[in-house]
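Step one of this worksheet: look at the structure below.
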Amino acid sequence: MPKAEKSPIPAHVAIIMDGNGRWAKARGLPRLAGHRAGTQNLRPIIRAAALAGIKYLTFYAFSTENWNRPREEVSGLMKLLDEFIDKETQALHAEGARLLHIGHLEGLPPTLQKKVEDAIALTSGNTRITVILAFNYGGRDEIVSAVRRLLAQGLPAEAIDEQALSGAMFTAGIPDPDLIIRTSGELRTSNFLTWQSVYSEWAFPKVNWPDFSEEDLTNILREFARRDRRFGGLTES
Ligand code: FPP
């Protein structure tokens with residue numbers, strides 16, 4: 001199982017893009033305008049992350065709980081993903097980004113599933129940065145799904161260990177996130193990367209996601225480089 005390693009540059013950064021609704025409300029706009037502005041922020045942040053040497057960048061775009069939002073907001077978020085794939089896949093491909101998805105793709109409209117699968121296939125050979133979209137994703141759901149997968153394979157109880165479970169997660173083969181950023185000042189983990197985040201460092205910038213800038217990312221990375229990560233052990237002298 002790939003393990004997080006000590007390095008001044010995090011190999012894997014994951015982002016909870018919170019505050020789109022508040023961003024829109026502050027401007028007298030509908031919530032979806034906030035999600036649209038948030039979607040437009042993905043490309044500059046992906047570019048800045050790739051330049052900084054980050055190899056994996058995960059975005060929490062739609063949780064298993066987000067189905068409980070009003071129907072127009074749910075369908076609006078699906079449409080934004082659809083448009084993102086249409087508009088951004090070629091640019092991401094040209095910049096050497098590999099696209100992956102975590103979560104249950106099968107819950108999405110079939111045409112959208114196909115678009116995501118095609119974008120993943122097109123970019124599968126790229127190595128500069130891996131961009132992972134968590135869409136219809138929940139951390140607890142992922143653990144339950146992993147256990148079911150192992151049981152369906154006929155694994156006996158004594159063969160179920162941390163390595164087996166990690167390998168059965170949506171994130172199999174992806175290193176655990178070194179750094180998780182949640183924008184907007186909220187201090188919750190919200191069912192994100194529950195299994196993988198046990199030794200992640202966290203940052204909670206007070207800015208809403210559509211306003212989160214490359215400079216905000218740079219400042220967080222600078223501060224991350226000064227942290228003493230011990231992974232439950234002691235600082236090496
Ligand atoms: C949280 O803000 C944000 C979300 C639930 C959705 C994030 C989705 C996107 C940025 C766009 C879709 C993604 C892709 C990849 C196309 P909130 O709505 O909870 O904000 P609030 O707490 O201020 O109301």
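Only the coordinates and a few stated rules stand behind these numbers; no lab work does. Everything numeric in this text was worked out from a predicted model, so none of it was measured. Reconstructed Cβ throughout: ideal geometry from the backbone, glycine too, with neighbour counts over all protein chains shown.
Exposed loop sites were defined as chymotrypsin sites (Phe, Trp or Tyr not before Pro) in DSSP loop states (anything but H, G, I, E or B) carrying at most 14 other C-beta atoms within 10 Å; in the chain the longest segment without such a site runs 1-198.
Ordered by the count of other Cβ atoms within 10 Å of each Cβ, fewest first, D161, D18, D211 give D161, D211, D18. Cβ crowding within 10 Å ranks D178, D86 as D86, D178, fewest other Cβ atoms first. The amide H of S63, built 1.01 Å from its N in the peptide plane, has N136, Y137 as neighbours under 5 Å, considering only residues 5 or more places off or on other chains. If you take the Cα centroid of region 49-122 and the Cα centroid of region 123-153, the two points sit 13 Å apart.
The value for the chain of Rg(Cα) / (2.2 N^0.38 Å) is 1.01. A Cβ-based charge dipole, computed about the Cα centre of region 1-94 with Lys and Arg at +1 and Asp and Glu at -1, lands at about 260 debye.
Relative to the Cα centre, the charge distribution of region 104-199, modelled as +1 at Lys and Arg Cβ and -1 at Asp and Glu Cβ, gives a dipole magnitude of about 300 debye.
Along region 97-102 the Karplus relation, 6.51 cos²θ - 1.76 cosθ + 1.60 evaluated at θ = phi - 60°, assigns HN-Hα couplings of 8, 9, 9, 10, 10, 10 Hz to successive residues, with x for each Gly and Pro. Toward the positive end of the charge dipole of the chain, with +1 on the Cβ of Lys and Arg and -1 on the Cβ of Asp and Glu, the farthest Cα among L32, H12, T123 is that of L32.
If you model region 155-236 as an ellipsoid using its alpha carbon gyration tensor, with each semi-axis the square root of five times an eigenvalue, the axes come out at 29, 17, 11 Å, biggest first. Given +1 at the Cβ of Lys and Arg, -1 at the Cβ of Asp and Glu and no other charges, the dipole of the chain around its Cα centre is 480 debye to the nearest 20. Computed on the Cα atoms alone, the convex hull of region 40-117 gives a volume of 99 cubic angstrom per residue. Annotation note: trypsin sites (Lys or Arg not before Pro) in region 168-237 located in DSSP loop regions with a Cβ neighbour count of at most 12 within 10 Å are R188, K206, R226, R230.
Cβ crowding within 10 Å, taken as a proxy for footprinting-reagent exposure, orders I102, I160, I181 from fewest neighbours to most as I160, I102, I181.
Pairs of Cα atoms in region 10-144 fall into 5 Å distance bins, from 0 up to the last occupied one, in shares of 2, 10, 20, 23, 21, 15, 7, 2, 0 percent. Taken along its three principal axes, the alpha carbon spread of region 79-156 comes to 45, 28, 18 Å, from the longest extent down to the shortest.
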